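All of the numbers you see were taken from the coordinates with simple rules; none came from a lab. What you see is a predicted model, and the numbers here were worked out from it, not measured in a lab. Every residue, glycine as well, gets a Cβ built from its backbone with ideal geometry; the counts of neighbours run over all protein chains shown.
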Amino acid sequence: MSGKDLRRRAQRAVADTGLRRALAAATDHLALQRGRAIERLENFDDLRRAARDVRTATLARLPDVLATLADRITAAGGHVFFAADAAEACRYVADVARRHGARRIAKAKSMVTEEIRLNHALAAAGFEVVETDLGEWIVQLIGEAPSHVITPAIHLSRGRVAEIFRDHGGEGLTDEPATLTAFARRQLRAVFLSADIGISGANFAVAESGTICLVTNEGNGRMVTSIPPVHIAVVGLERVVETWSDLGLVLSLLARSATGQDLTAYTTMVTGPRRPGEVDGPDELHVVIVDNGRSGILGGAYREILNCIRCGACLNVCPVYRQIGGHAYAAAYSGPIGAVLAPLLAGGAAGELRLASSLCGACYQACPVMIPLQDMLLALRRDAAPQASRVERVIWALWSRAWSRPRLYRLSTRLAGAGARLVPSRLVPRWGAGRQVPRPPREESR
């Protein structure tokens, strides 16, 4: 858990100038749009505090809220399965598909399915899974994972997307957005009409009515949940709100924080399967509620991380994410939220992500539910301190002792200043590459 693998991935990403250009353009645009959307609200901070309180209160009584949700889904004609981990969730979805003799599965965007690696499990079981969100479909075509929780192909330029489409049947395509989206629409329309199963995630699930809420800017969410005869919604157990009033509150913040819109193009509500007399909707609805480590987080010091509404605003302002993108994190969740959540869910090698932060606090300022991500990252580092090497512990102990004594502090800063003047930047390992070591002034400025 030294962070060496993360450092190597970050170095590769930083060396990719095309990646950095794409990230800068996209995150700047999203951050700008978010700022404009917030300016249109007179009470943004009041809404943030209210949303934080609502999310915290729901998590405090989560077992009861989930029980209500399950009862309402069942009463509306749906089926509910509580999956303890990724394996159980994948097995249940595969069993439903197998029972219906499915071959092709159309899938809407879902981060929890990325987390549990559902596509890989279904492919191994012999099913064809097609992502139908435009960004998700693009990265699926080249065998990559999403690079952002909201915009999966944020790291790809228009030209690169055109190349990908030309490699997959779009001969002669230009990089004009209208041309690219028209090609995608033609390809994916056949998937919607031929799919045996539709799989979606859920931005929220409303306990009082058993409703699944999907927030998208593309029509694929409605296609996936209404055309195939079977709809399976995969939901992280924390993505529940108690009431429609609570849903209205978090929706007022979600789109503004994510894409700078007052409301996304499609806000879809699904309550049960198709009823007699209705012209569309699935014959069968299954809701898979996934734990996969969340219960452990719920009972610990990091429980507030489950308040996240997956808007991606923290990624767009994070100086680390903006330089290295999502793939350098090597986890389903990237950016500040991923740097906290991935180690808590996955443990092991993901623990290195605690280092992927400058601790500047920009993520907290952007978060619509006021999650103190920088404090959590510091706490994760403290938790990992006993695992540091003996040499590292000795170095930090000596530094702490020196800087807690005024005379030793002054001596060390003088030595550091002299060293900065004498040592060329290129001789400073890793940090000095491409930088100039700051030269401190010879006299204190007044």
### Query
So what is the diffusion coefficient of the chain in µm² per second by Stokes-Einstein at 25 °C and 0.890 mPa s, using a Kirkwood Rh over Cα pairs?
103 µm²/s
### Task
Please determine, in degrees from 0 to 90 and to the nearest 10, the orientation of helix 335-346 with respect to the longest principal axis defined by the Cα atoms of the chain, where the helix direction is its Cα long axis.
70 degrees
### Message
Taking the square root of 5 times each eigenvalue of the Cα gyration tensor, what semi-axes in Å does the equivalent ellipsoid of the range 260-414 have, largest first?
### Response
43, 18, 13
### Task
Convert each backbone phi in the range 145-153 into a coupling constant with the Karplus relation 6.51 cos²θ - 1.76 cosθ + 1.60 (shift: θ = phi - 60°), then list the ³J(HN,Hα) values in order as whole Hz, x for Gly and Pro.
8, x, 9, 7, 6, 10, 10, x, 9
### Task
Based on alpha-carbon positions alone, could you give the equivalent ellipsoid semi-axes of the range 1-87 from the gyration tensor, as √(5λ), descending, whole Å?
38, 26, 15
### Task
Quote the relative contact order of the range 280-341 in percent (integer), defining contacts as alpha-carbon pairs under 8 Å separated by 6+ residues.
22 percent
### Task
Give the dimensionless ratio obtained when the Cα radius of gyration of the range 301-384 is divided by 2.2 N^0.38 Å.
0.94
### Query
Which value results for Rg/Rh of the range 64-295 when Rg is the Cα radius of gyration and Rh the Kirkwood radius based on the inverse mean 1/r?
0.96
#### Entry: With Cα atoms, 0 to 90° folded angle of helix 177-194 axis to the chain main axis
50 degrees
### Message
For Cα pairs less than 8 Å apart in space and 6+ apart in sequence, what is the mean separation divided by the residue count of the chain, i.e. the relative contact order in percent?
### Response
20 percent
### Query
So, counting K/R as plus one and D/E as minus one, what does the shell of residues with Cβ under 15 Å around Ala125 add up to?
+3
### Query
Going by alpha carbons, how many degrees (0 to 90, nearest 10) lie between the helix axis of 373-384 and the longest principal axis of the chain?
70 degrees
### Task
Quick one: compute the contact order of the range 64-295, relative version, from alpha carbon pairs under 8 angstrom and 6+ residues apart, as a percent.
28 percent
